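The values are calculated or read from the model by the stated rules, or taken from the named source; none is laboratory data. Given the structure is predicted, the values throughout are model-derived calculations rather than measurements. Please note: Cβ atoms are built from the backbone with ideal geometry, for glycine as well, and neighbour counts cover all protein chains shown. Protein only, heavy atoms only, side chains kept; ligands, DNA and RNA dropped before computing areas. Shrake-Rupley method; radii C 1.70, N 1.55, O 1.52, S 1.80 Å.
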Amino acid sequence: MIILANPHSDWNVLRPLLFESIGQTLTMVLVTLVIGGFLGLILGVVLYGTRPGNLFENAVVYRILDIIVNIVRPIPFIIFLAAMQPLTIVVVGTSIGTVAAIFPMVVMCTFATSRLVEQNLVPVDPGVIEAARSMGAGKLTIIRTVLIPEALAPLILAYAFLFIGVLDMSAMAGYIGGGGLGNFIAYGYQKFDQTVTWTAVIIMIVLVQVVQGIANAIAKRLLKRQQ
């Protein structure tokens, strides 16, 4: 692959723009992961808990939530952004900018996280949960002290995977005025300057590698403790 540099690139101008874009991307990703990741954890636990035979078994609630998640989660994010625009304007006051991009990102992240959480809780040994119930532990106590700790290593890996998805969402948001590295990449593309574009791409790759490496190390340590 040949990467063409634009000899007319003025990095005295581009450098502060790049740093601003990195800051905007990190803001979008971190806020989305904290809020959407937490809400998704709760929704995922509810999905798991209301499944047949589980702690809060409720077929009606599970079916409704399952359908909602299945409807929202497969929607391409760029389409989801457009569909959420009226609600984003009502909630945020605008559909342009970093804050406006965060709202639909949090909504999508919540639904995506919920399915990841549910899928990683299902393999937890039911015998461990039954043992806790036989000792008189309450349902919420079991979730907090047994269920989530038992699934913590795969959940950490799932959240690392989620980070990649949220970073991808932030890039797409940049294309429609959300700011961040996505906007910086679009700028390079529009100017036919592959140096600008690939600078942003490489930064995103490095971010993914760092987060995935940290998650792998933590998960490996947790798995060793459980053995």
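At-a-glance table
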{"quantity": "Area projected by the alpha carbon convex hull of the range 9-114, averaged over all directions, nm²", "calculated": "8.3"}
{"quantity": "Value of D in µm² per second that Stokes-Einstein yields for the chain, Kirkwood Rh from Cα pairs, at 4 °C (1.567 mPa s)", "calculated": "67"}
{"quantity": "Contour minus Cα-Cα distance for Glu57 and Gln85 (0.36 nm per residue)", "calculated": "6.5 nm"}
{"quantity": "Cα gyration tensor shape of the range 41-176, rounded if a/c is under 1.5, else prolate or oblate by comparing a/b with b/c", "calculated": "prolate"}
{"quantity": "Cα→Cβ-extended label distance, 7 Å offset, between Ile42 and Leu30, nm", "calculated": "2.3"}
{"quantity": "Largest-first ordering by accessible area, 1.4 Å probe, given options Leu223, Leu41", "calculated": "Leu223, Leu41"}
{"quantity": "With all protein chains modelled, accessible area of Ile205 [1.4 Å, Å²]", "calculated": "90"}
{"quantity": "Surface accessible to a 1.4 Å probe, per residue, for the residues of the range 1-151, Å²", "calculated": "55"}
{"quantity": "List Asp193, Asp168, ordered by accessible area with a 1.4 Å probe, largest first", "calculated": "Asp168, Asp193"}
{"quantity": "Using a Förster distance of 41 Å, the FRET efficiency for Leu140-Val201 (Cβ separation, nearest 0.05)", "calculated": "0.40"}
{"quantity": "Mean residue ellipticity (222 nm) of the chain, computed from DSSP H runs ≥ 4 via -39,500 (n - 2.57), nearest 500", "calculated": "-26000 deg cm²/dmol"}
{"quantity": "Listed residues Val106, Val128 arranged by accessible area, highest first, probe 1.4 Å", "calculated": "Val128, Val106"}
{"quantity": "Helix runs (DSSP H) in the chain reaching 27 Å along axis by Cα, Kyte-Doolittle at least 0.5", "calculated": "11-49, 98-121, 152-175, 194-226"}
{"quantity": "Under 12 Å, Cβ to Cβ, from Gly180 - net charge with Lys/Arg +1 and Asp/Glu -1", "calculated": "-2"}
{"quantity": "Tyr159 accessible area, 1.4 Å probe, all protein chains in place, Å² to nearest 10", "calculated": "60"}
